[in-house]
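To keep things clear, I will list the structure first and then write my remarks on it.
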Amino acid sequence: MFNWPESFEKSYEHYYLPKELTNVLVLSDIHIPYHHIPAIEEAVNYGIIKKIDSILLNGDVLDCYQLSKFQPDPRERHFGEEIIAFQQFIKTLKGIFPDAPIFYKLGNHEERYEKTMITRCAEFLGIPIFEFENVLGCKELGVTVIKDQRIVHVGNLPVFHGHELQMKAVSVNPARTLFLKTHVSSMCSHLHRTSSHTEPSLNEDITCWSTGHLGEPFPKYARINKWNWGCARIEKNSEGDFEVINVNLTKNKLYRA
């Protein structure tokens, strides 16, 4: 019998959307309260037309502005106001899609909350009422939260927010960067740009996608950028085979990418 020291290794598991969900609307980088309402409405109307059966909020739904390490302006909205706006947003989505379950994968902006707790309020860590999802009231709102940078699988398609892979805004083609990081067909958000990239492998073509955002187009920290509004939809069958419909919004209309 070997006498190894106690291990504090933690398990890391992927998250799989329920198999019965076959038509998923993906919304990301909304950055409440700096969201762009016309873009959100267009994306939601697209979901209505396509009769989606579920919604994946793929990170950075909240901006968590005042929790930023980048010298936030105290005159801007504070976190408590963001919570109220988030709850209104979810209730509105629920009113439009009453039968569609909502899954909320946390992005780098949501992770600001835990980092703030660690550096400023460590004594409250581990108390359930102060967990991020409980502060937002996600259970009461009927929202399933996916945290710890878990990879979300929609059928056979792995979906990342993007920050887990250290993807940077300087990327020329976000989808190609995603391919170089994963080498499997996959999807990400995070870089606010609609793109796709395909390369052949020995057995099949590999395609990666990145999605547009639904937030303020020219924020103070990025007045000049290459962003676009957009969303995506994932159709899949019982075998997990999928089709990604990646759409960008131009002049208040969604176009297939």
Positions within the range 31-52 being part of a loop (DSSP other than H, G, I, E, B) and out of contact with any helix residue (DSSP H, G or I) (no Cβ under 7 Å at 6 or more places or on another chain), in sequence order: His31, Tyr34, His36, Lys50, Lys51, Ile52
Given (1) in contact (Cβ under 8 Å) with a residue 24 or more places away in the chain; (2) assigned to a helix (DSSP H, G or I), number of the condition Lys19 does not satisfy: (2)
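Scan the range 224-253 for residues that are among the aromatic types (Phe, Trp, Tyr) and touching a residue at least 40 places away in the same chain (Cβ under 8 Å) and jot them down. Don't jump to the end; show me each part of the working.
Narrowing the range 224-253 to residues among the aromatic types (Phe, Trp, Tyr): 227, 229, 242.
Listed by number, the residues that qualify are Trp229, Phe242.
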Neighbours by Cβ (under 9 Å, 6+ apart or cross-chain): first from the range 107-131, modelled with pLDDT of 95 or more; second of a type in the set (Ser, Thr, Tyr) and assigned to a loop (DSSP other than H, G, I, E, B): Gly107/Ser28; Gly107/Ser189; His109/Ser68; Arg112/Ser68
Total residues in the range 79-122, condition surrounded by fewer than 14 Cβ atoms within 10 Å (Cβ to Cβ) and part of a loop (DSSP other than H, G, I, E, B): 3
Failed condition for Met167, given (1) crowded, with 21+ Cβ neighbours inside 10 Å; (2) without any contact (Cβ under 8 Å) to a residue 40 or more places away in the chain; (3) more than 26 Å from Lys10 (Cα to Cα): (3)
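State all residues of the range 189-229 that are of a type in the set (S, T, N, Q), in contact with a Phe, Trp or Tyr (Cβ under 9 Å, 6 or more places away or on another chain) and closer than 18 Å to Val244 by Cα; if no residue qualifies, say none.
Quick first cut of the range 189-229, residues of a type in the set (S, T, N, Q) only: 189, 194-196, 198, 201, 203, 207, 210-211, 225, 228.
If we keep only those that are in contact with a Phe, Trp or Tyr (Cβ under 9 Å, 6 or more places away or on another chain) as well, we get 189, 194-196, 198, 207, 225.
Passing the criteria: Ser189, Thr194, Ser195, Ser196, Thr198, Thr207.
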Number of positions in the range 150-168 that are more than 19 Å from Ile206 (Cβ to Cβ) and touching a His at 6+ places or on another chain (Cβ under 8 Å): 3
Residue in the range 202-214 that is of a type in the set (A, V, I, L, M), in contact with a strand residue (DSSP E or B) (Cβ under 9 Å, 6 or more places away or on another chain), at pLDDT 95 or above and surrounded by fewer than 22 Cβ atoms within 10 Å (Cβ to Cβ) present: yes
Whichever residue in the range 59-78 is hydrophobic (A, V, I, L, M, F, W, C) and not in a loop (DSSP other than H, G, I, E, B) and, among such residues, is farthest from Ile32 (Cα to Cα): Leu67
Only listed residue being surrounded by fewer than 23 Cβ atoms within 10 Å (Cβ to Cβ), among the hydrophobic types (A, V, I, L, M, F, W, C) and in contact with a Phe, Trp or Tyr (Cβ under 9 Å, 6 or more places away or on another chain), chosen from Val154, Val145: Val145
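For the range 219-238, what are the residues that are surrounded by fewer than 18 Cβ atoms within 10 Å (Cβ to Cβ) and either of a type in the set (A, V, I, L, M) or modelled with pLDDT of 95 or more (or both)? Steps first, answer last, please.
Applying the first criterion (surrounded by fewer than 18 Cβ atoms within 10 Å (Cβ to Cβ)) to the range 219-238 yields 219-226, 235, 237-238.
Those that are surrounded by fewer than 18 Cβ atoms within 10 Å (Cβ to Cβ) and either of a type in the set (A, V, I, L, M) or modelled with pLDDT of 95 or more (or both): Ala222, Ile224, Glu235, Asn237.
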Failed condition for Leu21, given (1) touching a Pro at 6+ places or on another chain (Cβ under 9 Å); (2) exposed (fewer than 15 other Cβ atoms within 10 Å of the Cβ): (2)
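The values are calculated or read from the model by the stated rules, or taken from the named source; none is laboratory data. Quick caveat: nothing in here was measured; it's all calculated off a predicted structure. Note that we place each Cβ from the backbone using ideal geometry, even for glycine, and neighbour counts take in every protein chain shown.
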